[in-house]
Amino acid sequence: KEEEDEADVAGRFLRLEREQSEQLRALPPFGAPVSHVYHPLDYAWEPHCDFVRRYCRGPKRVLFLGMNPGPFGMAQTGVPFGEVWHVREWLRVTGGVTKPPAEHPERPVLGLSCRRAEVS
């Protein structure tokens, strides 16, 4: 029963995230000077789900509010506050990451194979 409850928490959380993502997609696009907008929950959904299923289990004593995804953090991994090395090596998150539809040439999405560190 406890495993079902833990999986249910993660499942409910992922469903809520999908609903919120749909609402964000419905917003009008940004104008200049914004030229690229990444949606890591679209193209990095697999590692994001792995992270949520591993660590969103039951009540927690800590709550993170807000996030700074950065071009070499969540933008690569789909994991909030997710600097690539820590997501891959320390958290042991796995999953495929595809390219966003419009990729900035100076901010390529390489997923969990990205070797750059997030400094923000």
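General observations
- In the set (1) 8.3; (2) 10.6; (3) 8.8, the label that goes with mean projected area of the Cα convex hull in nm² computed for this structure is (1).
- Angle in degrees between helix 45-55 and the longest Cα principal axis of the chain, rounded to the nearest 10: 30 degrees
- Rounded to the nearest 500, the 222 nm mean residue ellipticity of the chain from helices alone is -10500 deg cm²/dmol, with -39,500 (n - 2.57) taken per DSSP H run of at least 4 residues.
- Within-12-Å neighbourhood charge of Arg18 [Cβ basis; K, R +1; D, E -1]: -1
- Ordered by solvent-accessible area of protein heavy atoms (1.4 Å probe), largest first, the residues Thr94, Thr77 come out as Thr94, Thr77.
- Accessible surface of Phe81 - all protein chains present, 1.4 Å probe, nearest 10 Å²: 110 Å²
- The largest accessible area among His48, His36, His86 belongs to the first residue in His86, His36, His48, and the rest follow in falling order (1.4 Å probe, all chains).
- GluC sites (Glu not before Pro), loop per DSSP, at most 15 other Cβ atoms within 10 Å - longest free stretch of the chain: 1-102
- Tyr55 contributes an accessible area of around 90 Å² to the protein surface, as traced by a 1.4 Å probe with all chains present.
- Taking all protein chains as shown and a probe of 1.4 angstrom, Ser35 keeps an accessible surface of around 90 Å².
- Of Pro59, Pro80, Pro40, the one that fluctuates the most in a GNM where the chain has Cα springs shorter than 10 Å: Pro59
- Neighbours of Cys49 by Cβ distance under 11 Å: Lys/Arg scored +1, Asp/Glu scored -1, total 0.
- Accessible heavy-atom area order of Trp85, Trp90, highest first, probe of 1.4 Å: Trp90, Trp85
- Radius 15 Å from Cβ of Pro71, net charge of other residues (Lys, Arg +1; Asp, Glu -1): 0
The values are calculated or read from the model by the stated rules, or taken from the named source; none is laboratory data. Keep in mind that this is a model prediction, so the values were computed, not measured. Positions of Cβ are generated from backbone atoms using ideal geometry, with glycine treated the same way; all protein chains shown enter the neighbour counts. The protein model used for the area step is the full one, side chains on, heavy atoms only, and it has no ligands, DNA or RNA in it. Shrake-Rupley method; radii C 1.70, N 1.55, O 1.52, S 1.80 Å.
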